1. Report yes if some residue within segment 33-47 is over 20 Å from the mean Cα position of the chain (by Cα) and free of Cβ contacts under 8 Å to residues at least 24 places away in the same chain; otherwise report no.
2. Given the conditions (1) part of a loop (DSSP other than H, G, I, E, B); (2) among the β-branched types (Val, Ile, Thr); (3) at pLDDT 90 or above, report the number of the one that VAL40 does not fulfil.
3. Can you pull out every residue in segment 17-32 that is in contact (Cβ under 8 Å) with a residue 12 or more places away in the chain and either out of contact with any helix residue (DSSP H, G or I) (no Cβ under 6 Å at 6 or more places or on another chain) or of a type in the set (S, T, N, Q) (or both)?
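The values are calculated or read from the model by the stated rules, or taken from the named source; none is laboratory data. Computed from a predicted model, the values in this text were never measured in an experiment. Because the Cβ atoms are built from the backbone with ideal geometry, glycine has one as well, and the counts that use them run over all protein chains shown.
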Amino acid sequence: LLTKKFLNLLKCAPGGIVDLNNAAETLEVQKRRIYDITNVLEGIGLIEKKLKNNIRWKGIDDSRPGEVSDDMSILQADIEALSLQEHSVDQQISEMRDKLRGLTEDENNQ
């Protein structure tokens, strides 16, 4: 909820630039909470620091919408492949647990 409020504040800010002290005051939260949000947004490249307490919204590069769409398709395919792989690994783990349980419960192995 706080992140959504902060993003709305960013969208309404002139030039997409927000003073973090003012943001904390406007949203009535500690600056630390604002810094938590900005650290994540900066880490994923959606904002950049302009000055000590000012950040600017970068967002997604609108000049290359086709590339963003292509990237999304590739990432969705990757997610699907990884989900299938995760399911396979989960099945293998389950099988190994069953085999290990069988070995530890087998009287011949004790």
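1. No, that holds for no residue.
2. (1)
3. Taking segment 17-32 as the starting set, the residues that turn out to be in contact (Cβ under 8 Å) with a residue 12 or more places away in the chain are 17-21, 23, 26-27, 29.
Scanning segment 17-32 gives ILE17, ASP19, ASN21, THR26, VAL29.
To keep it simple, each residue is scored yes or no on (1) farther than 15 Å from LEU10 by Cα; (2) modelled with pLDDT of 90 or more; (3) among the aliphatic types (A, V, I, L, M).
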{"residue": "GLU25", "(1), (2), (3)": "no, yes, no"}
{"residue": "GLU28", "(1), (2), (3)": "yes, yes, no"}
{"residue": "ILE55", "(1), (2), (3)": "no, yes, yes"}
{"residue": "ILE60", "(1), (2), (3)": "no, no, yes"}
{"residue": "SER63", "(1), (2), (3)": "yes, no, no"}
{"residue": "SER69", "(1), (2), (3)": "yes, no, no"}
{"residue": "MET72", "(1), (2), (3)": "yes, no, yes"}
{"residue": "LEU84", "(1), (2), (3)": "yes, yes, yes"}
